[in-house]
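Single-structure report; data block below.
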Amino acid sequence: MNLRRYKNDDLEAVAQLYTESIHTNAASHYDVAQRGAWAPRPPDLDIWRRRMATLQMLLAEEDGRLCGMLGYEDNGHIDLLFTAPGCARRGVASALYCAAESALAAQGLNELFTEASLVAHPFFLRQGFEVVEAQRINCRGVVLPRFAMRKRLAPCP
Ligand SMILES: CC(C)(COP(=O)(O)OP(=O)(O)OC[C@H]1O[C@@H](n2cnc3c(N)ncnc32)[C@H](O)[C@@H]1OP(=O)(O)O)[C@@H](O)C(=O)NCCC(=O)NCCS
């Protein structure tokens, strides 16, 4: 697996990965209406272009195919963690997360935070995050449950 930074011509592939990941990997925890509100089809590329401008994006590729992505912000916010359908439980998200955590730790941050879906909740627990609160957000008129989570980074000895 190869990790690299996002380029502008990845826009459509990234929006597609997000959409397919939600409609497939998240089907175990979110119903059709919830998934449709979370990831409308087709994705609005103008919204995606604006979102990409606010995030540091890491992409994972396997044999030239996009298999995962993660976005983060310099304040420690971990966002947009998605693995492609068919690539789950093979360490893709772990590799992306470790790269982001290393980069943020190197910037001197001592706490990371995220809003984890019900599907991602066990993943973030495994990475050492704790739940701050259970949330129910309104997304395009549909309620989506999720967890606000955080992880304190150990200071360098
Ligand atoms: C959450 C998600 C990103 C995890 O990606 P992944 O590449 O499958 O994760 P990894 O293979 O690195 O998993 C590492 C560990 O996290 C935990 N984990 C990951 N997915 C899990 C799941 N669905 N159920 C329980 N534990 C899980 C396990 O401990 C796993 O280790 P194991 O496979 O050896 O048991 C992926 O399921 C996904 O894209 N979900 C749909 C979209 C989503 O909800 N994204 C998060 C938005 S906040």
Take the chain, mark every one of the trypsin sites (Lys or Arg not before Pro) that falls in a DSSP loop and has at most 11 other Cβ within 10 Å, then report the longest stretch left between them, sites excluded.
8-88
Roughly how far apart, in whole Å, are the Cα centres of the stretch 1-43 and the stretch 82-143?
15 Å
With the label point 7 Å along the Cα-to-beta-carbon line of ILE47 and a cut-off under 19 Å to each amide N, the hits in the stretch 114-141 are 115-118, 136-141
Tell me which GluC sites (Glu not before Pro) from the stretch 35-94 have a DSSP coil assignment and no more than 14 other beta carbons within 10 Å of their own.
GLU73
Built amide H within the under 5 Å cut-off of VAL132, gap 5+:
ALA148, MET149, ARG150
Lys and Arg at +1, Asp and Glu at -1: add these up for the other residues within a Cβ distance under 15 Å of ARG152 and post the number.
-1
Explain nothing, just compute: Karplus ³J(HN,Hα) = 6.51 cos²θ - 1.76 cosθ + 1.60, θ = phi - 60°, for every residue of the stretch 39-56 in order, whole Hz, x for Gly and Pro.
9, x, 10, x, x, 8, 5, 5, 4, 5, 4, 5, 5, 5, 6, 9, 10, 8
For the stretch 92-108, Karplus couplings with θ = phi - 60° (6.51, -1.76, 1.60), whole Hz, Gly/Pro x:
5, 5, 4, 5, 5, 4, 4, 5, 5, 4, 4, 5, 6, 5, 5, 7, x
For the chain, what does the helix formula give at 222 nm: sum of -39500 (n - 2.57) over DSSP H segments with n ≥ 4, over the residue count, nearest 500 deg cm²/dmol?
-9500 deg cm²/dmol
With Cβ to Cβ distances under 12 Å as the rule, what net charge do the other residues near ARG51 carry (K, R +1; D, E -1)?
-2
Residue-wise HN-Hα coupling along the stretch 27-33, computed from phi with Karplus coefficients 6.51, -1.76, 1.60 (Hz; x: Gly, Pro)
5, 6, 10, 10, 7, 4, 5
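Coordinate-derived values only; no laboratory data. Remember, predicted model here, so these are calculated numbers, not experimental data. Glycine also receives a Cβ, built like all others from the backbone with ideal geometry; neighbour counts cover every protein chain displayed.
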